[in-house]
Amino acid sequence: MTRLWFVSHLRRRVPGMQTSTQETQATVTGLAAPRLLETLSPSRASDFKACPQLFKFRAIDRIEEPPNEYQARGTTAHLALQRLFDLPPSDRTPEHLFDLFRSSWIDVRDLEYPDLFTDVADERRWGIESLEILANYFGVEDPSAIEPADRELDMREVLGEMTIRGILDRIDRTGDGLVITDYKTGKAPPERYAIPAFFALKVYALLIRQSTGETPVRLRLLYLNGPVVYEIPVNDAQLDAMERQLTALWAVIESAIRTDRFPTRPSKLCDWCAYKSICPAWAQPDQEVAAFLMP
Ligand code: SF4
């Protein structure tokens, strides 16, 4: 495999030892008051944009969310796809990918999802569904024809006053230049709704440019549960705009931390939000007030 030219501050994720949850931390300083941002990841930036209170629950209060089978599938599939490229090209077959999914699940299950499944039949049902989704991978790519330049890169870069973090799934050196690919195991949105999902990839491209001086040329979202690949070109002007957007967002988040103001923003997202039962936007009025409000 062609090893990347990346400098030492790009740290590699140890297979199976870190989770997608860990990659998305926004961190705040623990000693000084007010507690300000130390780092920001694309996931936490997206949280704040969607709902500042959601950001607070996850990044400031650090209230753990109960694991679910969709997260487990994503973590395991990412690990299996990462390991697939450790094999010689001729061995990158569906059967080997399925084996890698099974062994990756054993690696992460006890560590990250010990209580996810209450019975073997349920775990088996999940496993079969996962393999069906994973099989779609071969409909959109031929892994025997790909030599990734690097995979699972844990990046941390200083941009002005900010430190931005992110873990990039895969980067390929093509004839045109660098191409960044992100694997998705969730259901693919219709193309017209896919653009917001490129936010994280543009941040990764910005980090790559910052660390290597080379601007990636394309960003790819590879949805296994479609399957479909959405692809857009990227250039310096777009990355400059992303840096300005992150700078503005960083300032707004720091202001929210200083003033302890994290407004709720109720939306469809609330139906999937693990914090709904403790969210101020959905708080039940106490009995006395509720009785008063009744017709
Ligand atoms: S339930 Fe809705 S409003 Fe409350 S934190 Fe979650 S997303 Fe935000």
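The values are calculated or read from the model by the stated rules, or taken from the named source; none is laboratory data. Since the structure is predicted, the reported quantities are computational estimates derived from the model, not experimental observations. When we count neighbours, we look across all protein chains shown, and the Cβ atoms used for this are built from the backbone with ideal geometry, even at glycine.
Search region 48-57 for residues being near the ligand (Cβ under 9 Å from one of its atoms) and of a type outside the set (S, T, N, Q), and hand back the single one that is nearest to A197 (Cα to Cα). The selected residue is A50.
Taking region 257-286 as the range and being more than 9 Å from the ligand (Cβ to nearest atom), more than 22 Å from L40 (Cβ to Cβ) and not charged (D, E, K, R) as the test, the residues that pass are A283, Q284, P285. Here A197 clears all of (1) at pLDDT 95 or above; (2) more than 16 Å from the ligand (Cβ to nearest atom); (3) in contact with a Lys or Arg (Cβ under 9 Å, 6 or more places away or on another chain) except the condition numbered (1).
Residues that are closer than 22 Å to Y70 by Cα and either of a type outside the set (A, V, I, L, M, F, W, C) or free of Cβ contacts under 8 Å to residues at least 40 places away in the same chain (or both) within region 252-269 comprise S267, K268, listed in sequence order. Just one of the listed residues (A248, A237, A274) is surrounded by fewer than 17 Cβ atoms within 10 Å (Cβ to Cβ), within 22 Å of the chain's Cα centre (by Cα) and assigned to a helix (DSSP H, G or I), namely A248.
Within region 209-228, the residues that satisfy the criterion of being of a type in the set (G, A, S) and buried (at least 16 other Cβ atoms within 10 Å of the Cβ) are S211, G226. Within region 49-76, residues that are more than 30 Å from L97 (Cα to Cα) sit with their Cβ atoms under 9 Å from residues that are modelled with pLDDT under 95 and of a type in the set (K, R), at 6+ positions apart or across chains, in these pairs: I60/R35. Of all the listed residues (L159, L178, L206, L168), the sole one being closer than 20 Å to D240 by Cα, in contact (Cβ under 8 Å) with a residue 24 or more places away in the chain and surrounded by fewer than 19 Cβ atoms within 10 Å (Cβ to Cβ) is L159.
For L116, the conditions (1) buried (at least 18 other Cβ atoms within 10 Å of the Cβ); (2) not in a helix (DSSP H, G or I) all hold with the exception of (1). Within region 63-89, the residues that satisfy the criterion of being closer than 16 Å to Y137 by Cα and of a type outside the set (A, V, I, L, M, F, W, C) are R73, G74, T75, T76, H78, Q82, R83, P89.
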